[in-house]
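> Here's a structure for you.
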Amino acid sequence: MGTAGNATHREPWNKGKIVGQKAPFKPKDIWALRVRLQMENRVRELALFNLGIDSKLRGCDLVALRVRDVCHGDQMATRAIVMQHKTQRPVQFEITPATRDALQAWIKQAGLKLEDFLFPSRLRDSPHLGTRQYARILGHWVDDLGLDRADYGTHSMRRTKATLIYRRTKNLRAVQLLLGHSKLESTVRYLGIEVDDALEISEQTEI
């Protein structure tokens with residue numbers, strides 16, 4: 001049989017995989033992983049994890065941050081503004097005390113200067129941590145938590161705090177600004193609000 005015949009039997013790329021949005025981390029997962037990273041003195045990973053949760057940035061923007069993006073001179077910033085690569089729109093985020101402490105410890109340990117990338121690559125051909133490397137590190141975090149890798153990805157980090165903020169406030173506009181979305185519809189789709197709200201209502205009305 002020719003190549004055309006073989007093509008008809010090619011398996012779809014997504015066979016056996018979960019396609020769609022990745023799950024956000026639950027608060028108990030966040031605390032469990034933070035404790036583990038602290039206990040095992042994984043300083044770089046703790047800084048990367050905390051900043052990933054706080055910033056809600058896409059992976060490509062997170063790994064490309066420089067020290068100057070989170071520092072004012074020798075002081076850690078309480079807020080940062082980053083230009084998003086995908087949309088070329090600025091987005092602002094808070095850097096919480098725990099994240100500032102983790103970043104300060106990592107910057108000191110790595111001997112980083114203001115102009116340096118915050119997460120330098122350990123590979124020669126890349127100046128900073130790549131998105132694939134980031135995804136691999138996240139995969140190990142998911143394993144550490146005993147969760148299923150198929151359910152989580154780098155967008156889980158981006159969605160985690162945004163989802164928590166929405167559930168607490170129901171303020172879509174605020175979440176839209178925090179994620180740097182140009183359209184509210186994008187935020188609605190990204191959070192999967194209709195599904196989440198329906199599940200929440202059903203949980204409250206169980207008998």
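What follows is calculated from the coordinates using simple rules that are stated; it is not laboratory data. Given the structure is predicted, the values throughout are model-derived calculations rather than measurements. Neighbour counts run over all protein chains shown; Cβ positions are idealised from the backbone, glycine included.
> Amide H neighbours of Arg66 under 5 Å, counting only residues 5+ apart in sequence or on other chains, H built in-plane at 1.01 Å?
Leu118
> Short version: ³J(HN,Hα) in whole Hz for each residue of the stretch 133-145, in order, from phi by Karplus 6.51 cos²θ - 1.76 cosθ + 1.60 (θ = phi - 60°), x for Gly and Pro, what are they?
4, 4, 5, 5, 4, 4, x, 5, 4, 4, 4, 4, 7
> OK, next. Across the stretch 27-181, how many lysine pairs, 8 or more positions apart or on different chains, have C-alpha atoms separated by under 25 Å? Please give the number.
Step by step, the pairs that qualify in the stretch 27-181 add up to 10.
> Under 1.5 on a/c is rounded, so check that first for the stretch 27-181, then, if it is not, pick prolate when a/b is larger than b/c and oblate when it is not; a ≥ b ≥ c are the square roots of the alpha carbon gyration tensor eigenvalues. If you can, show how the numbers build up before the last one.
Numbers: a/c = 1.37, a/b = 1.09, b/c = 1.26.
Here the stretch 27-181 falls in the rounded category.
> With unit charges on the beta carbon (Lys/Arg positive, Asp/Glu negative), name the residue among Val43, Tyr152, Met76 whose Cα is farthest towards the positive pole of the charge dipole of the stretch 27-181.
Positive-end residue among those listed: Tyr152.
> Which of rounded, prolate or oblate describes the stretch 112-168 when judged by the alpha-carbon gyration tensor and an a/c cut-off of 1.5?
It comes out oblate by the Cα gyration axes.
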